[in-house]
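Comments concern the structure below.
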Amino acid sequence: MKPKRVLVAYGSRAGATAGIAEEIGQTLRDDGFDAVVLPADTVTDVSAYDGVVLGGALCAGHWTGKTRRCARRNAEQLRHRPLRLFSSGPVDTSVYEHDIPPVRGVARRMRKLGAREHTTFGGAATADTSEPVARHMINRGKCGDFRNPERIRAWAHHIGTELGATP
Ligand SMILES: Cc1cc2nc3c(=O)[nH]c(=O)nc-3n(C[C@H](O)[C@H](O)[C@H](O)COP(=O)(O)O)c2cc1C
C-alpha cells in the first residue's frame, strides 16, 4: 500500500522556519509518510496531498507574506484536507514556559481554512544571518536559536499518529 503524501510548506525570511519545516518533513518520513517540504511561494496545487502542514515566520505580529499568500491561493483545496499550521517564533524562552496562541491573523486563517491545530515554535536569529531586518534585531541584542528539535519532532510524530501512517 502506498504511503500517505504530506506537504510541509513554509514561508521563511532568514532560514529558521525552513529548518523547522525540514525537521517536520524528516520526522514524517521516518514515520512512514511520503513527506515533501516546499517553500510556500512555490505551492500552487495541494490536491496531490493527503495532509498539509503550513508554517510561517512571524514578523511584526504577522505571518510572512509568502505563507499568507500560499494560504489564500490554495484556500479552496486546503479547506478539504487535514491542515495543521505553525508559526516561528519568539527569539526568547517564552515558548518553553507556556503555549503561545496564534497571532490574530493566523487565528482568523485557521478558522477560515478549518485547520485542525496550530503551534508556535521558538524562532532563531543568529549572528551569521545576512538578512537585513534580522541583522537589525540582532544588533539590538535579540539573538539566539530557540528552536527545540525535540518539540518539533514530537509535534510531527503527533501529526503522523493523527494522519495514520497507512490508509
Ligand atoms: C523584523 C523582525 C520582526 C519580528 N517580529 C516577530 C514577532 O512579531 N513575533 C515573534 O514571535 N517573532 C518575531 N520575530 C522573530 C522571527 O519570527 C524569528 O526570528 C523567526 O524564527 C525567523 O524565521 P526565518 O529565519 O524563517 O525568517 C521577528 C524577527 C524580525 C527580524
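The values are calculated or read from the model by the stated rules, or taken from the named source; none is laboratory data. Just so we're clear, the structure is a prediction, and the values are computed from it rather than from any experiment. Glycine also receives a Cβ, built like all others from the backbone with ideal geometry; neighbour counts cover every protein chain displayed. Surface accessibility is based on the protein's heavy atoms, side chains included, excluding ligands, DNA and RNA. Shrake-Rupley method; radii C 1.70, N 1.55, O 1.52, S 1.80 Å.
The set of residues in region 76-93 being farther than 18 Å from residue 12 by Cβ, touching a residue at least 12 places away in the same chain (Cβ under 8 Å) and open to solvent by 20 Å² or more (accessible area, probe 1.4 Å) consists of 77, 79, 81, 82, 92, 93.
Residue 107 meets the stated requirement of being under 21 Å from residue 159 (Cβ atoms), aliphatic (A, V, I, L, M) and without any contact (Cβ under 8 Å) to a residue 12 or more places away in the chain. Per the listing 69, 79, the residue uniquely of a type in the set (D, E, K, R), within 16 Å of the ligand (Cβ to nearest atom) and touching a Gly at 6+ places or on another chain (Cβ under 9 Å) is 69. Scanning region 24-45 for residues that are assigned to a loop (DSSP other than H, G, I, E, B) and surrounded by fewer than 15 Cβ atoms within 10 Å (Cβ to Cβ) yields 32, 44, 45. Contact annotation: residue pairs with Cβ atoms under 7 Å, 6 or more positions apart or on different chains, pairing a residue in region 119-148 that is at positive phi with a partner that is modelled with pLDDT under 95 and assigned to a loop (DSSP other than H, G, I, E, B), are 144/91. Just to verify a result, which residue in region 110-126, among those that are surrounded by 17 or more Cβ atoms within 10 Å (Cβ to Cβ) and more than 15 Å from residue 152 (Cα to Cα), is farthest from the ligand (Cβ to nearest atom)? Across region 110-126, the extreme among qualifying residues is 113.
Could you grab the pairs with beta carbons closer than 6 Å, sequence gap of 6+ or different chains, first residue in region 3-30 and in contact (Cβ under 8 Å) with a residue 24 or more places away in the chain and of a type in the set (Val, Ile, Thr), second one away from the ligand (no atom under 16 Å from the Cβ) and in a helix (DSSP H, G or I)? If the second residue must be away from the ligand (no atom under 16 Å from the Cβ) and in a helix (DSSP H, G or I), the pairs left are 6/28; 24/156; 27/153; 27/156. What are the residues in region 122-143 that are part of a helix (DSSP H, G or I) and modelled with pLDDT under 70, if any? Across region 122-143, the qualifying residues are 133, 134.
Could you check region 56-65 and list, in sequence order, the residues that are open to solvent by less than 30 Å² (accessible area, probe 1.4 Å), without any contact (Cβ under 8 Å) to a residue 60 or more places away in the chain and either touching a Cys at 6+ places or on another chain (Cβ under 7 Å) or assigned to a strand (DSSP E or B) (or both)? 56, 63 - these are the residues of region 56-65 that are open to solvent by less than 30 Å² (accessible area, probe 1.4 Å), without any contact (Cβ under 8 Å) to a residue 60 or more places away in the chain and either touching a Cys at 6+ places or on another chain (Cβ under 7 Å) or assigned to a strand (DSSP E or B) (or both).
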